[in-house]
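Heads up: the structure comes next, in structure tokens.
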Amino acid sequence: MIIILNNKCNFTKEEFLIYQQKLSTITTSHELVLCPSYPHFSLFSLSNCVLGSQNVATNGMGPYTGEVSAEQLKSYDVKYALVGHSERRKKETPKEMLEKIQQLCKVGIIPIFCLGEEAKEKQQRELEKDLLFLDNYLTSKEKEQLILAYEPVWAIGSGKLTSQEHIESASRTIKKYFPNNKILYGGSIDQENISILKQCSTIAGFLIGGLSLEIENLKKLLENLEN
Ligand code: 13P
């Protein structure tokens, strides 16, 4: 499975170095993807993780103050990048998200497109809106490279556990448009509920936010995932 450790906007330089040291003691058969803040990329030295990015620019390299392009990420051996995370969405248009996916595909970074409903009962309608858009505007080559991450907004950072049934219903909707792509799940995952979540047969991996910052609990989560 693919396990994304989304550190979000956490850790000073010193804190990151301590965190990375602790993270280096983890062994797992799963693919660990660390998504730190940009300044920490040059400090990254783990052999048990690959690098992921929390974001990417819509533009290539050039006069774009404050942006980080896909080519720059590629030069740090970034393997995956998130696009459209709900914590960024209010600042992004669908066209911009599309451009981000295109920039990533151009340099061979795997885009992980995040989608999920704001309110539980609107799952179908909100997912379909994003999926239709992607289906209409991505080329078949870009579609092939895409990973979809189902992250219901109401479950992120809330401690509210999504049921297996609710995840399976999202997977069915996603599979209507992207039958061969990997689907990940994220939202309030912890070391206990992973035992239930891992039973979702359509899910190829998880996005871990808050718990990615706590190494001991992360170790327990990975143990529970193996057993
Ligand atoms: P939490 O695990 O803190 O709910 O965050 C999930 C998330 O946003 C991962 O991208």
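Normalised by the number of residues in the range 20-80, the mean separation of alpha-carbon contacts (under 8 Å, six or more apart) gives a relative contact order of 31 percent.
Given +1 at the Cβ of Lys and Arg, -1 at the Cβ of Asp and Glu and no other charges, the dipole of the chain around its Cα centre is 360 debye to the nearest 20.
Over the range 57-118, the ratio between the Cα radius of gyration and 2.2 N^0.38 Å evaluates to 1.09. Note that the range 121-136 has calculated 3J(HN,Hα) couplings of 6, 9, 3, 4, 4, 6, 5, 4, 4, 5, 5, 4, 4, 4, 4, 6 Hz, one per residue in order, obtained from phi through the Karplus relation 6.51 cos²θ - 1.76 cosθ + 1.60 (θ = phi - 60°); glycine and proline are x. By the equivalent-ellipsoid construction on the alpha carbon gyration tensor, the chain comes out with semi-axes of 25, 24, 15 Å, ordered largest to smallest. Placing a pseudo-label 7 Å from each Cα along the Cα-to-Cβ vector at ASN48 and PHE133 gives an inter-label distance of 3.8 nm.
For the range 74-157, which whole percent of the accessible surface, found with a 1.4 angstrom probe, sits on carbon and sulfur atoms?
Working: 2100 of 4220 Å².
Answer for the range 74-157: carbon and sulfur cover 50 percent of the accessible area.
With both labels modelled 7 Å from their Cα along Cα-to-Cβ, the THR202 to ARG89 distance reads 1.8 nm.
Where in the range 157-227 are there GluC sites (Glu not before Pro) that are in a DSSP coil and have at most 15 other Cβ atoms within 10 angstrom of their Cβ?
Sparse-neighbourhood loop GluC sites (Glu not before Pro): GLU192.
Quick one: grab the alpha carbon gyration tensor of the range 160-227, order the square roots of its eigenvalues as a ≥ b ≥ c, and give me rounded if a/c is under 1.5, else prolate or oblate depending on whether a/b is larger than b/c. Because a/c hits 1.5 or more and a/b exceeds b/c, the range 160-227 counts as prolate. Among the chymotrypsin sites (Phe, Trp or Tyr not before Pro) found in the range 22-71, those both in a DSSP coil and sparsely packed, with 16 or fewer other Cβ atoms within 10 Å of their Cβ, are PHE44, TYR64. For the range 146-156, backbone phi angles converted through the Karplus equation (6.51, -1.76, 1.60; θ = phi - 60°) give residue-by-residue couplings of 6, 10, 9, 10, 7, 10, x, 4, 5, 9, 6 Hz, Gly and Pro being listed as x.
Which whole-number percentage describes the relative contact order of the range 1-131, with Cα contacts under 8 Å and a sequence gap of 6 or more? Walk me through the intermediate numbers first.
Numbers: 184 pairs, mean separation 25.1, N = 131.
Reported as a whole number, the value is 19 percent.
Around the amide H of GLY116, modelled in the peptide plane, lie the amide H atoms of GLU151, all under 5 Å away and 5 or more residues distant in sequence or on another chain. Extension gain for the segment SER37 to SER24, taken as residue separation times 0.36 nm less the Cα-Cα distance, is 2.9 nm to one decimal. Each of GLN102 and LYS160 was given a label point 7 Å from its Cα along the Cα-to-Cβ line. The distance between the two points is 3.6 nm.
The string of couplings for the range 165-177 from the Karplus curve (6.51, -1.76, 1.60, θ = phi - 60°) is 4, 5, 5, 5, 5, 5, 4, 4, 5, 5, 5, 4, 9 Hz, one whole number per residue in order, with x for Gly and Pro.
Spatially, the range 56-100 and the range 133-172 are offset by 19 Å when compared through their Cα centroids. For the range 73-174, the solvent-accessible area of protein heavy atoms averages 50 Å² per residue (probe radius 1.4 Å; ligands and nucleic acids excluded).
For the chain, what does the helix formula give at 222 nm: sum of -39500 (n - 2.57) over DSSP H segments with n ≥ 4, over the residue count, nearest 500 deg cm²/dmol?
Details: 8 runs with 81 residues, N = 227.
Only helices count here, giving -10500 deg cm²/dmol.
Take every Cα pair under 8 Å whose residues are at least 6 apart in sequence, average their separation, divide by the length of the chain, and the relative contact order is 19 percent.
You can think of it this way: the chain between ASP77 and GLU121 has 11.9 nm of extra reach, that is 0.36 nm per residue less the Cα-Cα gap.
The values are calculated or read from the model by the stated rules, or taken from the named source; none is laboratory data. Here the structure is a predicted model, which means the values were calculated and not measured. No Cβ is skipped: glycine too gets one built from the backbone with ideal geometry, and neighbour counts run over all protein chains shown. Just the protein is used for accessible areas: all its heavy atoms, side chains included, with ligands, DNA and RNA removed. Shrake-Rupley method; radii C 1.70, N 1.55, O 1.52, S 1.80 Å.
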